[in-house]
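S.K.: First, the structure itself, so that you have it in front of you.
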Amino acid sequence: MDGTLSSRLNKLQENLEYGFKDIELLETALTHSSYANENGLHPSKSNQRLEFLGDTVINLVVSEYLYNKYPFYPEGELTKIRAKVVCESSLALAARKIKLGEFLLLGKGEEATGGRSRDSILADASEAIAGAVFLDSDYDTVKRFLVTRFETDIVRAVAKGNLFIDYKTQLQEKLQKITKEKLSYAVVREEGPDHNKIFYVDVFLGSDVIGSGFGRNKKEAEQLSAKEVLILMGEDYD
């Protein structure tokens, strides 16, 4: 491990407030498949396997927390709360809080298309980190690690019943108050291979383009195009 990488990993451990006994686990958790492919690494050296494990660990920790914290909530309500807490947006937000995107190892294509700030990549990396901490320690340790990061989100989800904003719905409701023009979305461009496409979407008010966005799938691109319009209309999502 070169000095620059070692220094970066040390900084990330400070952000995580967790020191790895096996630093290679952390390095693997940061290695996106695009980087592994471009550098001829074995697929096991990317973070996909840790992501698989971390997804299960996060769901278990959050489920146990909800089960114990809210003993009178029925199964259906617990499931809804958990879905809001461990969704892509929530995991990406947790990654942004520790500036995880700055430490990722990405291929040139992902780097060029804004991969460091893309929700899907950040969410996957959050899961990989959780998997790495679990393997590096034990269940009780990873539980403390994750509860620290998600407890506030859980409380918000319970209190408000709506943790993250559906930008499309919010835009629709906002525009309905000021115009009768129809709001619609259209994919205007697709880039990249089938397994790694980027979708570009324009949002229309009547026949006029009022915003645009891009994402790894049509749903994400539509949401981000709606968010752009809302920001232009004065909404603040910082």
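Taken together, the values in this text are just the output of simple stated rules run on the coordinates, not laboratory data. Not measured: the values here are computed from a predicted model. FYI the Cβ positions are ideal-geometry reconstructions off the backbone, even for glycines, and counts take in every protein chain you see.
S.K.: Would you please give the FRET efficiency between Leu5 and Asp138, computed as 1/(1 + (r/R0)^6) with r the Cβ-Cβ distance and R0 = 30 Å, to the nearest 0.05?
M.R.: Given R0 = 30 Å and the Cβ-Cβ separation, E is 0.65.
S.K.: Loop only by DSSP, 12 or fewer other Cβ within 10 Å of the Cβ. Give me the GluC sites (Glu not before Pro) in region 1-110 that pass, ordered by residue number.
M.R.: Glu17
S.K.: Between Gln13 and Thr179, what length in nm is gained on full extension when 0.36 nm per residue of separation is reduced by their alpha carbon distance?
M.R.: 54.7 nm
S.K.: Please work out how much length the chain gains when fully extended from Leu232 to Tyr73, using 0.36 nm per residue of separation minus the C-alpha to C-alpha distance, in nm with one decimal.
M.R.: My answer for the length gained is 53.3 nm.
S.K.: Quick one: pull the percentage of alpha-carbon pairs in region 167-232 with a separation above 15 Å.
M.R.: Considering region 167-232, 48 percent of its Cα-Cα pairs are separated by more than 15 Å.
S.K.: Oh, and also: Distances longer than 21 Å among the Cα atoms of region 78-211: what percent of all pairs is that?
M.R.: That tail contains 58 percent of the Cα-Cα pairs.
S.K.: If you don't mind, there's one more thing I want to ask. Quickly estimate the mean residue ellipticity at 222 nm for the chain, helices only: each DSSP H run with n ≥ 4 gives -39500 (n - 2.57), and the total goes over all residues, rounded to 500.
M.R.: For the chain, the value works out to -18500 deg cm²/dmol.
S.K.: Continuing with the same structure: Taking K and R as +1 and D and E as -1, what net charge do the other residues with C-beta under 11 Å from the C-beta of Lys11 add up to?
M.R.: Once all neighbours under 11 Å are counted, the net charge is 0.
S.K.: Using 1/(1 + (r/R0)^6) with R0 = 41 angstrom and r between the beta carbons of Leu60 and Ser117, what's the FRET efficiency to the nearest 0.05?
M.R.: 0.90
S.K.: Can you find, among Phe204, Phe150, Ile23, the residue farthest towards the positive end of the dipole of the chain? Put +1 on the C-beta of Lys and Arg, -1 on that of Asp and Glu.
M.R.: Toward the positive end, the furthest listed residue is Phe204.
S.K.: Could you check which residue among Leu30, Leu50, Leu135 shows the biggest mean-square fluctuation in a GNM of the chain with a 10 Å Cα cutoff?
M.R.: Leu135
S.K.: Give me the aspartates and glutamates in straight-line cross-link reach of Lys168: C-alpha distance below 14 Å, same-chain residues under 8 apart excluded.
M.R.: By straight Cα distance, Lys168 reaches Asp202, Glu220, Glu222, Glu228, Glu235.
S.K.: Grab the Cα-Cα distance for Val155 and His195, subtract it from 0.36 nm times how many residues apart they are, and report the gain in nm with one decimal.
M.R.: Result for the pair: 10.7 nm of gain on full extension.
S.K.: Separation between the Lys108 and Arg49 pseudo-spin-labels, each 7 Å from Cα along Cα→Cβ, expressed in nm?
M.R.: About 2.8 nm, to one decimal.
S.K.: Going down the table (Lys177/Lys219; Lys69/Lys218; Lys197/Lys227; Lys45/Lys84), which pairs top 28 Å between alpha carbons?
M.R.: Pairs exceeding 28 Å: Lys69/Lys218; Lys45/Lys84.
S.K.: Dipole of the chain, Cα-centred, from +1 at each Lys and Arg C-beta and -1 at each Asp and Glu C-beta, to the nearest 20 debye?
M.R.: 540
S.K.: I'd like to know how the chain sits against the 2.2 N^0.38 Å rule of thumb: what's its Cα Rg over that expected value?
M.R.: 1.11
S.K.: For the chain, the longest stretch holding no chymotrypsin sites (Phe, Trp or Tyr not before Pro) located in a DSSP loop with at most 14 other Cβ atoms within 10 Å is which?
M.R.: 73-236
S.K.: Quick one: if the Förster radius is 25 Å, what FRET efficiency do Glu38 and Lys218 give, using the C-beta to C-beta distance and rounding to 0.05?
M.R.: So, using R0 = 25 Å, E works out to roughly 0.40.
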